[in-house]
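Student: If you scroll down you'll find the structure; I have some questions about it.
The values are calculated or read from the model by the stated rules, or taken from the named source; none is laboratory data. Just so you know, these numbers come straight off a predicted model, no measurement behind them. Note that each Cβ is placed from the backbone with ideal geometry, even for glycine, and that neighbours are counted across all protein chains shown.
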Amino acid sequence: MSTARRSTSDPRPPGAADEGAAVHGLTKRFGPVQALGGVTLDFPAGRITALMGENGAGKSTLLKILTGDHQPTEGQVILDGRRLDLASPAGARSAGIRIIPQEPEIIPHVSVAENVYAGTLPRRAGRLLDRAELRRRITADLDRLGFADVLDPDLLGSELTPAQRQLVEIMRALTGEAKVIAFDEPTSSLSDHEVDALFRLIRRLRDDGVAVIYVSHRMQEIFQLADRIAVLRDGELVGVQDASSTTESEIVRLMVGRDLSALFSRRRTATDRLVLDVDRVTTDDVRDVSLRIHAGEVVGLAGLIGAGRSELALALAGDLPVRSGSVTLDGQPLPSGNPGAVIKAGLGLAPEERKAQALFLHRSIRDNTSLVSLERLRRLRFVRRAAERELAQQYADRLRVRTPSIEQEVRKLSGGNQQKVVLARWLARKPKVLILDEPTRGIDIGAKAEIYQIIADLAEQGVALLVISSELPELLGLADRVVVMQNGRVTGELRHQNATEEAILALAMADDIVGATSAGAPS
């Protein structure tokens, strides 16, 4: 990177750093809407800057300007002290600016190796793919980046898991010389092992003098990784804090403009009426699982990646077959492998991968909300469109879905609002049991607070809730009881007053099944 001293005739803006990137007076308007307003912020070389803010705060707009996808209405982008005119993503890439997007773009019919080097594949005789050189490159880069044990270079793009797709996107961004690298929610699909490998890589990039921008809603990650934290709110920079001397509460206050100390406050509403009784259920992925949930009760389901939590949820919802054991809802047996019958009985599931498993992204909010309620909206064989619109509008208003219209395509909503549409679908159905698998993954702290309130409201209405989450503070704040799984089995259960992160992790990592209990009466 350039270390030249600035001359008196140097056209660089005052305060521009000699190394790293910066934005100066950055403003972006979309018609009458101002997405960014006069943001001046540096991203120093050899430092990890966390960029935080609620959805709609301007983070994505800032990143898209840095990478040439958007042109600023006003202001400058600066690299190594000199102004850049980024007319396209190709220009940003040639300047050394990279972004690892939240949604990887993978070519399905070619290998991992070909995906990584798409556009720069080694050739023989001008046209033929040099497979020997490709193998040499991918092997060396997998070893260099620490991904050799989690990514097979011969897998086709269509065969990759969400986590592997993310790793391919990261490798693609790191080909060639990079001066600035932005990571946009990179861990949302990664296991703990893969996150550790990614964090080692990010720290190595920092130590090599790269300016790293890290966008995440996960506070624990931010404080574990970042050197400094920059917070945007409503398109403006509201603060830059040294990560070692600030607190989570201070960052939350900067993000939302208020104190969320009462984030998890809810009245305990569990009753003695047993709603869901899971008795010794065994599937291909879980073994001998028993748990009970009462009306108005929130039961948390904890465990490490691969513990079988999501697989249990899918089996209860009828999406995976139950090999043995029984599931009853309000005393009536639930059929195995019949999602339609399970829905009619009163059980709903908001799955972990909302985009892939729950939403029709190119359909409207109205279509997505009414999906499981169409039989009561029909007259003869036709859906009453006025009634459908009224239903969708009612729940969009109730859950405060931020949208100009219920006819808006769901793909255009933020993650938090997409999750609210999934919840609206089930609230419209009025379930007796609702299973929420990672309900706040990838959404900002303000949207989390709203979803926590929705969960509290449902419990007060007598709904029995099973909440699966990898965020232990979330489970501790929401749940009346926490059931812990490991390797497809229940290893124990903790009541709210006895549950701690340490106790949950001890059960999640237990070598043997210890103290497994069926849930008793709620406290």
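Student: Are there any strands (runs of 3 or more DSSP E) wholly within region 252-352 with 3 or more residues that are of a type in the set (Val, Ile, Thr) and either assigned by TED's automatic domain parsing to the domain that holds Arg441 or within 18 Å of Tyr452 (Cα to Cα) (or both), and if so which?
Tutor: Output list reads 274-282.
Student: Quick check: anything in region 42-52 in the same structural domain as Arg98 (by TED's automatic domain parsing) and modelled with pLDDT under 90?
Tutor: no
Student: For region 119-148, what are the residues that are at pLDDT below 85, under 31 Å from the mean Cα position of the chain (by Cα) and over 18 Å from Ile202 (Cβ atoms)?
Tutor: Gly119, Thr120
Student: Restricting to region 76-123, give me the number of residues that are among the polar types (S, T, N, Q) and closer than 26 Å to Leu62 by Cβ.
Tutor: Number of matching residues: 4.
Student: Right, something else. Is there a residue being polar (S, T, N, Q), crowded, with 18+ Cβ neighbours inside 10 Å, closer than 23 Å to Gly56 by Cα and under 23 Å from the mean Cα position of the chain (by Cα) anywhere in region 210-220?
Tutor: yes
Student: Have a look at Thr73, Thr49, Thr40 and point out the one that is crowded, with 22+ Cβ neighbours inside 10 Å, among the hydroxyl-bearing types (Ser, Thr, Tyr) and either in contact with a strand residue (DSSP E or B) (Cβ under 7 Å, 6 or more places away or on another chain) or over 19 Å from Gln166 (Cα atoms) (or both).
Tutor: After applying the criteria, what remains is Thr49.
Student: Specify which of the listed residues (Val433, Val410) is aliphatic (A, V, I, L, M), under 17 Å from Asn368 (Cβ atoms) and either outside the structural domain of Gly56 (by TED's automatic domain parsing) or touching a Gly at 6+ places or on another chain (Cβ under 9 Å) (or both).
Tutor: Among Val433, Val410, only Val410 is aliphatic (A, V, I, L, M), under 17 Å from Asn368 (Cβ atoms) and either outside the structural domain of Gly56 (by TED's automatic domain parsing) or touching a Gly at 6+ places or on another chain (Cβ under 9 Å) (or both).
Student: On to the next question. What number of residues in region 370-423 are touching a residue at least 40 places away in the same chain (Cβ under 8 Å), of a type outside the set (D, E, K, R) and in a helix (DSSP H, G or I)?
Tutor: Going through region 370-423 one residue at a time, the tally reaches 13.
Student: Scan region 191-198 and give yes if some residue there is under 27 Å from Gly415 (Cα atoms), at pLDDT below 80 and among the polar types (S, T, N, Q), otherwise no.
Tutor: yes
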